[in-house]
Each structure stands twice: as C-alpha cells, then as structure tokens.
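Q: Provided herewith is a single structure, encoded as structure tokens, for subsequent inquiry.
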C-alpha cells in the first residue's frame, strides 16, 4: 500500500490505548486507533469505574490471596472469575500467580507499583487540565467492620507511607 495515512496503529481504544495515542499525536505522530467495541460497553475502564488509585500498590499475588482466589475463580459473580477450562496458558498463568504470592514478591513489587500509580495519577491530572475534563480527587476510604480489619488496614497505611503514598488511619474516636 503506497498511501500511508498513519505511522502508528494502536489496537484497543481503552484508557491506555487512548492515552498512548494522545501522547504520540502530541509528539507529531499520525495515529489510528481501532477497537473491536467502539461503544466501550465491555472495557476494563468501564469495569473499574475509571478509578485512578495510587493506594493499590500491593500486587494481587500476595500472601493469603490463594485461598480467596480459588473461591473467586469458581464464582461467576466474583471479580476474579475464570471459566474453568483445560487451557495450558491459563494453568501456566495460575502457576506463576501461585509462585509469586509471597512476601518477597510483594516487597519487590511495592516500589514499582507505587511509582507507576503515582506517575499515572500525575499524568491524569495533567490531562484533565489540558483537555478540560472533570477528575474528582476524593481519595479512597477503607471501612473496617472489626478491630482486626482496622489493624490490617493500619499496616497497609504504614506500608503506603513508606513508598510515598499518603494514607491516614481514622478510628471510631475520630
């Protein structure tokens, strides 16, 4: 084909594809984005409600998640459901997830995930100013039903502070 209408083709018009396209276009590239569902009715960005959450710096593969993950994997209404099937790629992924659900992996991942999350937030705020769209900056509140739950969240808040993510613990007295 001799007619070159674009020099970058992005497959997927979700938040990541659109942001890549935006920054490449700003850098002078001619970008075309294609998506199998241009209405975006079944996208990841739709499912996560467009949240930008720097406080999610602990990887999913962490100690204690395997038992909960197994329950969720078999429940079609869970956030982690996977249709059971004999798929070598799926079982390979499950094995890798299991192998990484340990404290060392979490400690190695926290700085990477927090940096990625904080930089993403900065870029989204920059985009909101540049493109004039609303981006609510409300934070995230974790509510605990038990004292043990509050203690667990207080530990996460301390870990958050250690990687540069603001966190505050409030109890019933406050």
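Q: Using the per-residue mean of other Cβ atoms lying within 10 Å as a proxy for protection, in what order, highest first, do the peptides 116-122, 26-32 fall?
A: Highest mean packing first, the order is 116-122, 26-32.
Q: FRET efficiency for residue 104 and residue 144, Cβ-Cβ distance as r, R0 = 25 Å, nearest 0.05?
A: 0.40
Q: Cα axis of helix 103-131 to longest principal axis of the chain: angle in degrees, 0 to 90, nearest 10?
A: Between the helix axis and the principal axis of the chain, the angle is about 50 degrees.
Q: Using a 7 Å offset from the Cα along the Cα-to-Cβ direction at both residue 137 and residue 60, what is the distance between the two label points in nm, to one decimal?
A: Taking the simple label geometry, residue 137 and residue 60 are separated by 3.0 nm.
Q: Right, something else. Relative to the longest principal axis of the chain, what angle (0 to 90°, nearest 10) does the C-alpha long axis of helix 147-162 take?
A: 50
Q: Rank by packing, highest mean first: peptides 164-172, 107-115, 85-93, with packing defined as the count of other Cβ atoms within 10 Å averaged across residues.
A: The packing order, highest mean first, is 107-115, 164-172, 85-93.
Q: Mind pulling the angle between the C-alpha long axis of helix 88-100 and the longest principal axis of the chain? Nearest 10 degrees, somewhere in 0 to 90.
A: 50
Q: Output the peptides 95-103, 55-63 sorted from most to least packed, where packing is the average of other Cβ atoms within 10 Å over each peptide's residues.
A: The densest-packed peptide leads the list: 55-63, 95-103.
A short reminder: the numbers here are calculations on the coordinates, not readings from a lab. Small disclaimer: the values here were computed from a predicted structure and weren't measured. Cβ sites come from the backbone with ideal geometry, for glycine too, and all protein chains shown count toward neighbours.
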